[in-house]
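K.L.:
Below is one structure. I have some questions about it.
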Amino acid sequence: MDPIIALSLVLALVAGATVLGLVWQARQGRAAVIVPGAPAAQGTPLTQADVGSPVPFGANGTLVQFSTDHCARCPGTHVLLAGLARQRPGVAHVDVDLTHRRDLANRFGILQTPTTLILDGTGRVRARIGGVPNGADLLQQLDHLTGSNHDQLSHHTR
Amino acid sequence: MTSSATTRADTRPDLDPRGPRFGAAITAVLLLVVVFLSLTGASVAALVGLAALGALFAWGAFAGAGRHPYSVLFRRFVRPRLSPPAALENAAPPTFAQGVGLLVTLTGVVLGLIGLAPAVGVCAAIAFVAAFLNAVFDYCLGCQVYVLLVRAGAFGRPVA
């Protein structure tokens, strides 16, 4: 092949990978709201026993983090979510290692770790976040869920 | 309120997260050279180049990402010029990524050896995309591929 054409293809590969990276980056960390009753709502509420958590779920909501032991971003996400849960009363953070929980990984169709589910007080999945969560976005979802006036505050500050 | 941190499968020392990204940047550039050589018909050079990169992946996969030559370069020449890292990360995920890189490059080398020369360029291109995303966008291959292995049942039965 002509070196000029080969070089063009190499540059096209770099451009393609860049677009892929930008798309991937834009989708990371954003909360996707799950409407109750929609197929993605997964029917029955999740319980503490389902995920084998030593920590009880929160009265107002729970952040269920799915991790594995080969996930570079999971420990940082653990620290972030633990801190966010502490900022809201009645909200718990639970970190579930999926390495030996194929059942859970399949039940929730996990394609990457960390994946975080935002549960309401009854254990229903209300939002889902792939990748390292955006803290402000997540707090807004939590406040929306609990009907807290933090929600209005965050709207005003935008 | 929070549960204890997930258990660690690996006892290797923690790494500065910028180290593996530095290595991935060098790897990405070299893989791009292999793609170029393959496209221009320099099949032997491309095959030798991919084999060399495969050997480097094997080094990282078996000795650990922290003992990879690029990691040593990073510690000696790059890290002293940077501010301390905000946090360290477990060596297991980048080591796993090196294993995936080894698998992809080895596939290209084997196919190249049995006469399928274009496979060398294709495999180099696939490995390039992963290394490039790791270096530029902090993409974590283990975060995606490892959980797919879990779902495929690679790590035994679920705990009841």
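The values are calculated or read from the model by the stated rules, or taken from the named source; none is laboratory data. All figures in this text were calculated on a predicted structure; none of them were measured in a lab. Note that each Cβ is placed from the backbone with ideal geometry, even for glycine, and that neighbours are counted across all protein chains shown.
K.L.:
Any residue in region A:90-102 that is in contact (Cβ under 8 Å) with a residue 60 or more places away in the chain, surrounded by fewer than 21 Cβ atoms within 10 Å (Cβ to Cβ) and out of contact with any Asp or Glu (no Cβ under 8 Å at 6 or more places or on another chain)? Talk me through it step by step, then tell me what you get.
P.N.:
So the first thing to find is which residues in region A:90-102 are in contact (Cβ under 8 Å) with a residue 60 or more places away in the chain, and the list is none.
No, every residue in region A:90-102 fails to be in contact (Cβ under 8 Å) with a residue 60 or more places away in the chain, surrounded by fewer than 21 Cβ atoms within 10 Å (Cβ to Cβ) and out of contact with any Asp or Glu (no Cβ under 8 Å at 6 or more places or on another chain).
K.L.:
Just one of A:A72, A:A82, A:A105 is in contact with a His (Cβ under 7 Å, 6 or more places away or on another chain), of a type in the set (A, V, I, L, M) and within 8 Å of chain B (Cβ to nearest Cβ); which is it?
P.N.:
Values: A:A72 fails: in contact with a His (Cβ under 7 Å, 6 or more places away or on another chain); A:A105 fails: in contact with a His (Cβ under 7 Å, 6 or more places away or on another chain).
When all the criteria are applied, what remains is A:A82.
K.L.:
Can I ask one more? For region A:31-40, does any single residue satisfy the condition of being over 16 Å from A:G130 (Cβ atoms) and facing chain B (nearest Cβ under 8 Å)?
P.N.:
Restricting attention to region A:31-40, the residues satisfying the condition of being over 16 Å from A:G130 (Cβ atoms) are A:35-39.
Checking which are facing chain B (nearest Cβ under 8 Å) leaves us with none.
Checked region A:31-40: no residue is over 16 Å from A:G130 (Cβ atoms) and facing chain B (nearest Cβ under 8 Å).
K.L.:
Kindly indicate whether A:D97 is within 10 Å of another protein chain (Cβ to nearest Cβ) and modelled with pLDDT under 90.
P.N.:
Working: within 10 Å of another protein chain (Cβ to nearest Cβ): yes; modelled with pLDDT under 90: no.
Spelling it out, it is not the case that A:D97 is within 10 Å of another protein chain (Cβ to nearest Cβ) and modelled with pLDDT under 90.
K.L.:
Within region B:89-103, how many residues are within 9 Å of chain A (Cβ to nearest Cβ) and outside any helix (DSSP H, G or I)?
P.N.:
Count: 2.
K.L.:
Filter region A:102-130 down to the residues that are farther than 17 Å from A:S53 by Cβ and in a strand (DSSP E or B) and list them by number. Walk me through how you get there before you give the answer.
P.N.:
If we filter region A:102-130 for residues that are farther than 17 Å from A:S53 by Cβ, which is where we start, we get A:102, A:106, A:109, A:111-112, A:126-130.
A:R126, A:A127, A:R128, A:I129, A:G130 - these are the residues of region A:102-130 that are farther than 17 Å from A:S53 by Cβ and in a strand (DSSP E or B).
K.L.:
Out of (1) without any contact (Cβ under 8 Å) to a residue 40 or more places away in the chain; (2) of a type outside the set (S, T, N, Q); (3) in contact with a Gly (Cβ under 7 Å, 6 or more places away or on another chain), the odd one out for B:L116 is which?
P.N.:
The number of the failed condition is (3).
K.L.:
Scan region A:44-63 and tell me whether some residue there is at pLDDT 90 or above, assigned to a helix (DSSP H, G or I) and of a type outside the set (S, T, Y). Before you say what the answer is, go through the steps one by one.
P.N.:
From region A:44-63, those at pLDDT 90 or above are A:56-63; that's our starting set.
Now restrict to residues that are assigned to a helix (DSSP H, G or I): none.
Taking every residue of region A:44-63 in turn, none turns out to be at pLDDT 90 or above, assigned to a helix (DSSP H, G or I) and of a type outside the set (S, T, Y).
K.L.:
Tell me the residue from A:G21, A:G61 that is touching a helix residue (DSSP H, G or I) at 6+ places or on another chain (Cβ under 6 Å), within 11 Å of chain B (Cβ to nearest Cβ) and small (G, A, S), please.
P.N.:
Numbers: A:G61 fails: within 11 Å of chain B (Cβ to nearest Cβ).
A:G21 is the lone residue from the list that is touching a helix residue (DSSP H, G or I) at 6+ places or on another chain (Cβ under 6 Å), within 11 Å of chain B (Cβ to nearest Cβ) and small (G, A, S).
K.L.:
Could you identify the single residue in B:L31, B:L106, B:L37 that is out of contact with any Ser or Thr (no Cβ under 6 Å at 6 or more places or on another chain), part of a helix (DSSP H, G or I) and more than 23 Å from A:S8 (Cβ to Cβ)?
P.N.:
B:L106
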